[in-house]
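First comes the structure, then the notes that go with it.
The values are calculated or read from the model by the stated rules, or taken from the named source; none is laboratory data. Being a predicted model, the structure only gives us computed values, none of them experimental. Note that each Cβ is placed from the backbone with ideal geometry, even for glycine, and that neighbours are counted across all protein chains shown.
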Amino acid sequence: MNRLCQITGLSRAGYYRFRGRHNSRQGDMTLRNQIQHVALRWPAYGYRRVHAELVRQGWKINHKRVLRLSFTRAIASSSTKRAAWGTRVV
């Protein structure tokens with residue numbers, strides 16, 4: 001492997017990084033589809049609840065990855081914040 005990397009001018013770390021990158025894209029697609037499915041089933045769920053649901057389904061996933069994939073796919077919860085009612089009149 002060393003000789004092959006020297007001939008091509010690639011570092012060994014760069015080769016293995018490139019080699020492992022393709023599989024993660026395929027895994028991201030199935031995970032994105034599953035996030036979409038959970039978000040459509042429970043539209044009020046945010047990324048934390050979506051993460052908890054994925055863990056219940058058996059996924060071993062970090063909550064930050066769920067957040068990142070949710071934003072790249074533009075999956076947002078449909079819940080909105082309520083207006084704050086105060087006693088002061090302006």
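Summary of computed values
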{"read-out": "Subset tally (residues that are touching a residue at least 12 places away in the same chain (Cβ under 8 Å) and under 17 Å from MET29 (Cβ atoms)) for region 39-64", "value": "6"}
{"read-out": "Restricting region 1-31 to residues that are within 30 Å of SER70 (Cβ to Cβ), loosely packed, with under 10 Cβ neighbours inside 10 Å and among the charged types (D, E, K, R), the residue that is modelled with the lowest pLDDT", "value": "ARG21"}
